[in-house]
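Following: one structure in structure tokens, then a few remarks.
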Amino acid sequence: MAVTPVVLCLNRSGEATAHRVAEILGAQVHGREGRVDRADAFFPNALDHVRDLFAAGTPIVGVCASGILIRAVAPILADKRTEPPVLSISDDGSVVIPLLGGHRGANRMATDIAAALDAKAAVTTAGDIAIGVALDVPPAGYRLANPEDAKPVMAALLSGEGLTISGENIFCLDDTGGPVTLAVTEAPLEGSASRLVYHPQAYVLGVGCARDADPAELRTLVDETLTQANIAPGAIAAIATLDLKADEPAMNVLARELGVPLRVFTADELEAMTPRLANPSDVVFAEVGTHGVSEAAALACAGEGATLAIEKVKTANTTCALAKAPAPVTSPAGRARGRLSVVGIGPGQATWRTPEVSRLVQEAEELVGYGLYIDLLGPLAAGKTRSDFPLGGEEDRCRYALEQAAQGKNVALVCSGDAGIYAMGALVFELLDRGAGEGGVTDAARRVDVVCSPGVSALQGAAARAGAPLGHDFCTISLSDLLTPRADIIRRLNAAAEGDFVIAFYNPVSKTRRTLLAEARDILLRHRPADTPVMLASNLGRPNETVRYRMLKDLQVDEVDMLTVVLIGSSNTRLANLGEGSRMFTPRGYARRIDGDLKDVGNRHLETNE
């Protein structure tokens, strides 16, 4: 199980059990506000919090009634092959129930927890009960080559068919010489509905390549090399290379296709492997500072006791070598290629945060951002290293996040709304694009994996609260002249006004910036009616959210602040009272089109009759 679980506690009667379970799992306790005295983090609403953790891929152990967990995750259940384990435990710790993810670790967790608590694990999965193991969850360091056949194999065993063990007996089952086979081998072997094939991941693949080498060239070399050595791709535990190659497409595509981690090493770390190399090269040393890349990386990653199983082989632009460890490799040495996730958490409401953003935040080792935005993550940020930056420190914030990722860390740069809309996304790429002498970042930072994930912008949140004001063409304009020349803002205001766009104003005012919003109002009044509807939306998605409507002529600067999104309608935007208050919408013209189409049909009919 890759992600550390979270133990939930909903009341004081289960608090002692929750902390005992957290100690067993090395996990945090998240407690319900006002009902639990001691916890690592607190949450206000159990259903929302469970749903948020589940969407992020976090295993959940709830010291609470099973029904609470079931009701929370039921609306978002989708794929049992990827969803995290969910377990419930009675307040007194006497019963442990794996509710979901039995074959993704829940049954094993339940058994381990029950043993530690001297409790009963209520495992109901047929295979676990009858056979004692889940055959689609092999021990760490082994990979099942044909998971799609696990179900018919389990069914055959449950129906009483005998079992044959071929190779290592990794499940410690009795070999009865039957027609069902569990085969453990490093060689390629075809599985079937009566044979499961497991590969011990005792090999590390070291690779090297020229800059921008074709990924297909490297994959072909690797496939041919493994085929000649009679080694299955599933026996590979990791791919290793020089850190200068961390961003090479060939390396990353290969790692994704093989489903294994990519590990990188400095030139000095690889140079330390030189006495063990079969093909040290002075040419390579002159180029990158180490006498070998593929052989050295394979040996360094596989650890002490590893030997070269395949010496360096090469094509015009790629090389590979294979090292074999004495036992399956469960923790490959080296550093991961750093990752920076640039995420938008929406206006702040947890239910408006996308599952992908929640997952990236959950996976991150360090959170970087304006302190208020990280605070809005609530319990999702608990226990993580966080680096808070003040407003005005945007460039320092982005540079720091990139350089932390350059050390091999998984970092999340937290923004409100959508990170690509008036936020840090553009600045991250600007820093990556700058030269070293132009205030850019280090070469190592340029090699990190940058992932951008969309969020609900304030514009979208405001529009949803209003109704559908963005039903036709719209634009956004920032009224902050800190980064944009005032003349440019005025030019854009005039163009948007003449174009009759619905307009969303970001950064409408600040303590020292009070005039541009009034100028924008006056410019717009020259091009659209004085009673054009305006929406003022503040603190969207938060408890103190407010939504107000005004006519354009009545818009006053003093009722707007930096937490307000101002939506100005076009000349066609309407404000209607529809029984539950005012709703703002902008027709796109469907009625005119439908009416016109009907007339056209009638005219064509008349012409045909003529």
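Could you rank the peptides 212-224, 291-303 by their average count of other C-beta atoms within 10 Å per residue, with the highest value first?
Numbers: 212-224: 16.5, 291-303: 27.5.
Top of the packing list down: 291-303, 212-224.
Taking H placed 1.01 Å from N in the peptide plane, check which residues at least 5 places from LYS409 or on another chain put their amide H under 5 Å from its amide H.
Answer set, sorted by chain and number: ARG339.
Which of rounded, prolate or oblate describes the range 338-456 when judged by the alpha-carbon gyration tensor and an a/c cut-off of 1.5?
Since a/c reaches 1.5 and a/b is larger than b/c, the shape of the range 338-456 is classed as prolate.
Under the classification rounded if a/c is under 1.5, otherwise prolate if a/b is larger than b/c and oblate if not, where does the range 142-200 fall, given a ≥ b ≥ c as square roots of the Cα gyration tensor eigenvalues? Please list the in-between numbers first.
On the way: a/c = 1.93, a/b = 1.28, b/c = 1.51.
Cα axes put the range 142-200 in the oblate bin.
Based on alpha-carbon centroids, what's the gap between the range 547-588 and the range 471-507 in Å, whole number please?
17
Arrange the following residues from fewest to most other Cβ atoms within 10 Å of their Cβ: TYR373, TYR198.
On the way: TYR373 23, TYR198 27.
Going from sparsest to densest Cβ surroundings: TYR373, TYR198.
Would you mind classifying the range 502-577 by shape? Square roots of the alpha carbon gyration tensor eigenvalues, ordered a ≥ b ≥ c; an a/c under 1.5 is rounded, otherwise it is prolate if a/b is larger than b/c and oblate if not. Display every interim value, and only then the final one.
Details: a/c = 2.21, a/b = 1.19, b/c = 1.85.
It is oblate, given that a/c is not under 1.5 and a/b is not larger than b/c.
Just to be sure I understand: of the beta bridges DSSP finds with both ends in the chain, what percent are antiparallel, rounded to 5?
In the chain, DSSP labels about 40 percent of beta bridges as antiparallel.
Of ILE523, PRO379, VAL368, which is farthest on the positive side of the dipole of the chain, counting Cα position, with +1 on Lys and Arg Cβ, -1 on Asp and Glu Cβ, and the Cα centre as origin?
Farthest along the dipole direction, towards plus: ILE523.
Might you report the magnitude of the Cβ-based charge dipole of the chain about its Cα centre, with Lys and Arg at +1 and Asp and Glu at -1, to the nearest 20 debye?
The calculated dipole for the chain is roughly 1640 debye.
When DSSP assigns beta bridges and you keep just the ones with both residues in the range 308-420, what percent turn out antiparallel, to the nearest 5?
Around 25 percent antiparallel, to the nearest 5.
If a paramagnetic tag sat 7 Å from the Cα of ARG81 along the Cα-Cβ line, which residues of the range 354-368 would have the backbone N under 20 Å from that point?
Backbone N within reach: 356.
Computed from the coordinates by the stated procedures, all read-outs in this text should not be read as laboratory data. Note that the coordinates shown come from a computational prediction; the quantities given were computed from them, not determined experimentally. Neighbour counts run over all protein chains shown; Cβ positions are idealised from the backbone, glycine included.
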